[in-house]
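Beneath this line is the structure, given in structure tokens, with notes to follow.
Every read-out reported here was derived from the displayed coordinates using simple, explicitly stated rules and does not represent laboratory data. As the structure is a prediction and not an experimental result, all values here were calculated from the model. Every residue, glycine as well, gets a Cβ built from its backbone with ideal geometry; the counts of neighbours run over all protein chains shown.
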Amino acid sequence: MVLERINSPEDVKKLDRKELPLLAKDIRQRIIDVVSEKGGHLAPGLGAVELTIALHRVLDSPKDKIIWDVGHQCYGHKLLTGRKDRFDTLRQYHGVSGFPRRWESPHDHYGTGHASTSVSAALGMALARDLKGEDYKVVAVIGDGGLTGGVAYEGLDHAGDLKKDLLVILNDNDMSISPNVGGISHYLNRIISSYYYNKTKEGVDKFLEKSIGNSLMRRLLKVEETIKSLIVPGVFFEELGFRYFGPINGHDLDLLIETLNSLKDLKGPLLLHIITEKGHGYEPAVMDPASWHGAKPFDKVTGKPKTKAAGKPAAPAYTQVFSDTICQMAAKNPRVVGITAAMASGTGLSALAEKFPRQFVDVGIAEQHAVLLAAGMACEGMRPVVAIYATFLQRAYDQIYHDVCIQNLPVIFAIDRGGVVGDDGATHQGLYDTAYLRAFPNIVVAAAADERELVRLLWTGLAHDGPFAVRYARANGEGVAWSPDEDHPLPIGKGEILRQGSEVAILGYGYMVYRALEAADLLAKAGIHPTVVNMRYAKPLDTELLRRLALEHTSLVAYEDHTIVGGFSSAVSEALHDLGLEHIPLLRLAVADQVVEQGTRDQIFEEFGLLPHQVAKRIQMFLQSHKPAMLVAK
């Protein structure tokens, strides 16, 4: 294998040109081998293999900077930059990250995991380079899906204005995770349809120059620019201040290398448009790139998912519960509209799109626009449901406040992937939503403990005349009976005692409610019989119930799948202080205030002492250490 001889980009430069296609084949096979065992982002990385080889063949990383947008296409880059021997730890606990990480390699120049960031970051590096008087190339690689995000245009607009030396490579495969939507997608398709313009123009130029001379040629060029602005879509980038090149075949290694060599010493902002095929080299991924964007372990020969040993049927995923419920809501209420930001399948809205297409909107990778759109619809009497992962909803922080909460509009935020999400790592952990939402006035912030509660909370949100957020985990449910048409709203701001005990009360929030019940079972074996409560709402908090629990127990425990800063346990602590009950001992069990990288949910919970058996021990120790204080309090 050629890949075995590659330990750094310098080794790529040493290869004979004829060996490069073999290297591409090796990289694809290694990616398929590992992802088939571990899972991961398959189709994006397979489509970018030739581009990755060409970049490292022409540029001098780490001196030259390559900025990957989103970063899930960087597997080939990792294999070429010294991580091939550890690549089988991809997305595993303490293993190689599935995204670029600055701490992982000097060749990962910018950490990322969300879309549309590369151009701005690359421009910042180009500015820093020039301010320091240094000399290196900066290249941003962005997909056509990334161009559906508004921040990409802020970067392009500024880069075109500053005229800094910068190369933006538009890797165009006609889709992000879901098929691309909007005018930008149609615009790029028009460029592809004009594929032969430049080749035709080149031949005509040579003929005219030879036949009519330079003087008339210059006048014709002015006419050409006018015509070009009408018939060649690439002029849009030129109007922004970029010199546009392409489109070219992004799987033609010789052409890529020749083009990059030609562009690397040109000055000013440049945009190279390449056409690639998502999943290139693996037929199942080519045929269904959306499903193979993020793959679970599979049989690499057949492409079929690996099946687990037969056993008790798994409970449905919370995403599926949401999907069934919003379809039922839409069927009953024509004012219900589901909104996604390029994640129809991931959020469960693809079923709504199929059954009720008029009540479904995909805005592309544009979370700010999604929330603004929902606000506008709510103003006109619609009942929008914005379904976005917790980590991506952060991108619409101002819109949630400025456009929804201030105006007290009835928008439901269905927050998928709330809490620890596992193998996608730091950029995708949903550990901050409760904190960033509960600071806003007017909004209700809730978390579902099981499938039935998620259904009822969604109907509660629909009945509520104001902003309503419900979070749920990237997990299967608890196996309780549920029905998507259970239109029985829950009282807002009210918790529920699930098990009555004494001495200590465990206040569970969302996913941790059932973990609290498990911990209580373990404590019972040690002679401690805690009260277990499903608090359900972080805002408004059930302060009446909290007061009662504080007065009836010697200590309290707040247990959540969220950062310890600003979340549910912070709300409990603040409420106890406001109630004059700050002397009641409170144990806060949450994820520590630090960046949380990839790992399974249980691995990460174990790291922070949040598994039920660890919680039981921590509660025992807490009760023991606070006994003197309890006696004084009595």
(request) Would you calculate the separation in nanometres between label points at GLU544 and GLN29, each defined as 7 Å from the Cα along the Cα-to-beta-carbon direction? (result) 6.9 nm
(message) Could you work out the relative contact order of the chain? I mean the mean sequence separation of Cα pairs under 8 Å and 6+ apart, divided by the number of residues, in percent.
(response) 11 percent
(request) Rounded to the nearest 10 degrees, what's the angle between the helix 49-58 long axis and the longest principal axis of the chain, both from Cα atoms, 0 to 90? (result) 60 degrees
(request) Could you tell me how many degrees, from 0 to 90 and to the nearest 10, lie between the Cα long axis of helix 367-379 and the main elongation axis, the longest principal axis, of the Cα atoms of the chain? (result) 60 degrees
(message) For a protection proxy built on the mean count of beta-carbon atoms within 10 angstrom, sort 105-114, 71-80, 253-262, 7-16 highest first, please.
(response) 71-80, 105-114, 253-262, 7-16
(request) Taking the Cα centre of the chain as origin, work out the dipole magnitude from +1 charges on Lys and Arg Cβ and -1 charges on Asp and Glu Cβ, in debye rounded to 20. (result) 520 debye
(message) Modelling each spin label as a point 7 Å along the Cα-to-Cβ direction, I'd like the ASP88/LYS63 distance in nm, to one decimal.
(response) 3.6 nm
(request) May I ask what percent, to the nearest 5, of DSSP beta bridges between residues of the chain are antiparallel? (result) 15 percent
(message) Distance between the C-alpha centers of segment 260-288 and segment 405-430? Whole Å please.
(response) 32 Å
(message) What distance in nm separates the two pseudo spin-label positions at LEU22 and GLU380, each 7 Å out from Cα along the beta-carbon direction?
(response) 6.2 nm
(request) May I ask which of LYS264/LYS300; LYS18/LYS78; LYS65/LYS296; LYS38/LYS264 have a Cα-Cα span longer than 27 Å here? (result) LYS264/LYS300; LYS65/LYS296; LYS38/LYS264
(request) Take the Cβ-Cβ distance between TYR136 and VAL595 as r, set R0 to 35 Å, and report the resulting FRET efficiency rounded to the nearest 0.05. (result) 0.80
(request) Work through the residues other than ARG335 whose Cβ is under 11 Å from its Cβ and net out their charges, Lys, Arg +1 and Asp, Glu -1. (result) +1
(message) If I stretch the segment between VAL286 and GLU486 completely, what's the gain in nm (0.36 nm per residue apart, minus their alpha carbon distance), one decimal?
(response) 68.0 nm
(request) Taking the Cα centre of segment 496-633 as origin, work out the dipole magnitude from +1 charges on Lys and Arg Cβ and -1 charges on Asp and Glu Cβ, in debye rounded to 20. (result) 340 debye
(request) Please state the charge dipole magnitude for segment 237-298, taken about the Cα centre, from unit charges on C-beta atoms (+1 on K and R, -1 on D and E), reported in debye and rounded to the nearest 20. (result) 260 debye
(request) Could you list the residues of segment 257-273 with an amide nitrogen less than 16 Å from a label point located 7 Å from the Cα of GLU238 in the Cα-to-C-beta direction? (result) 269-273
(message) Per DSSP helix of 4 or more residues, -39500 (n - 2.57); summed, then divided by the residues of the chain. What does that give at 222 nm, rounded to the nearest 500?
(response) -12500 deg cm²/dmol
(request) With unit charges on the beta carbon (Lys/Arg positive, Asp/Glu negative), name the residue among ILE142, TYR318, TYR511 whose Cα is farthest towards the positive pole of the charge dipole of the chain. (result) ILE142
(request) Please work out the Cα convex hull volume for segment 529-630 and give it in Å³ per residue. (result) 110 Å³
(message) Need the full-extension length gain, HIS583 to ASP521, defined as separation in residues times 0.36 nm minus the C-alpha distance. One decimal, nm.
(response) 19.6 nm
(message) Please report, in whole Å³, the volume per residue of the convex hull around the C-alpha atoms of the chain.
(response) 181 Å³
(request) Give the peptides 506-512, 358-364, 58-64 in descending order of average Cβ contacts within 10 Å, highest first. (result) 506-512, 358-364, 58-64
